[in-house]
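**Q** Submitted below is the structure of interest, expressed as structure tokens.
The values are calculated or read from the model by the stated rules, or taken from the named source; none is laboratory data. The model shown is predicted, which means the values in this text are computed figures rather than measured ones. As a convention, Cβ positions derive from the backbone with ideal geometry for all residues, glycine included, and neighbour counts pool all protein chains shown.
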Amino acid sequence: MISWHQIRFGLLVFTGCSLLIFLGKSIFFPHVANQESISKYTFPDRITLAGWEPLDSQPLNNKYPQPPKLVSSRVYQYRQQTITLTIEMRYTVEKGGNLIEFVKEYTPSQISSLGTAAREDRYQESTGFYTLFTSNNQAYLVSCINPRGSSTITAQQFNSNRYKYDLELPRLVSWLMGTENLRDLRCLWTQLSIPLQKLPQKKAYSLLESAWIEWYKWWYPHFPKV
């Protein structure tokens, strides 16, 4: 005869296995909660950047076919004396923070400049990870602003943020209520660039880093809401 303890143990095992399967599916095959709010976002027309005079901003005229995970994009231009700074912003969902994949999909002409010997990966405590490189007589700084956690340039860094910040109790409650995904795979891909005609590379990198810190400071609290 089957005892009550055996029945209870069986139910606990079944419930535990079901929960593990559900968690695994949510982690590795996440659906997009609040799809309507995620898929509709408009970048602001104007953003103040300390030390730079704003010139113009407009929707980004993408040169290459864009993946469906791109929600919105915009390009901003600023001036400091005779130097022009261009900032391209792309808001993506379900793509993660892999720099090489980003460049292949959005700016493939730069892929040859992203070998480990050609680029400089750096870290600032106030922002996170970013990379610097040159291509076609331009200096670039590229990074992924995360919804939570510091900026990233590799899938490993991005996933580390997801496991560290996305599994906090308030988000778990939202996930159980169906208002948020368990893992938030959104990213604000940020690309800053300066022409090298009038500047040595070291000076250009310094200007890009200073602008990046101010840009990140504005965007982190203004990351698109779900």
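**Q** When you go through Tyr91, Tyr123, Tyr106 one by one, which is the residue that is at pLDDT 95 or above and of a type in the set (Ser, Thr, Tyr)?
**A** Selected residue: Tyr123, the only one of Tyr91, Tyr123, Tyr106 that is at pLDDT 95 or above and of a type in the set (Ser, Thr, Tyr).
**Q** Next up: What are the pairs with Cβ atoms under 6 angstrom where one residue, in the range 63-80, is modelled with pLDDT under 85 and the other, located anywhere, is among the aliphatic types (A, V, I, L, M)? Sequence gap at least six, or different chains.
**A** Short answer, once both residue conditions are applied: Lys69/Val93.
**Q** May I ask you to list the residues in the range 197-225 that are among the aliphatic types (A, V, I, L, M) and buried (at least 16 other Cβ atoms within 10 Å of the Cβ)?
**A** Leu199, Ala204, Leu207, Leu208, Ala211, listed by residue number.
**Q** So Ile21 clears everything in (1) modelled with pLDDT of 75 or more; (2) in a helix (DSSP H, G or I); (3) loosely packed, with under 11 Cβ neighbours inside 10 Å except one condition, right? Which one?
**A** (1)
**Q** Name the pairs: first residue in the range 152-165 and surrounded by fewer than 17 Cβ atoms within 10 Å (Cβ to Cβ), second residue assigned to a helix (DSSP H, G or I) and among the polar types (S, T, N, Q), Cβ to Cβ under 9 Å, at least 6 apart or on different chains?
**A** none
**Q** Please go through the range 115-156 and pick out each residue that is under 13 Å from Ile100 (Cβ atoms) and within 12 Å of the chain's Cα centre (by Cα).
**A** Of everything in the range 115-156, those that are under 13 Å from Ile100 (Cβ atoms) and within 12 Å of the chain's Cα centre (by Cα) turn out to be Val142, Cys144, Thr152, Ile153, Thr154, Ala155.
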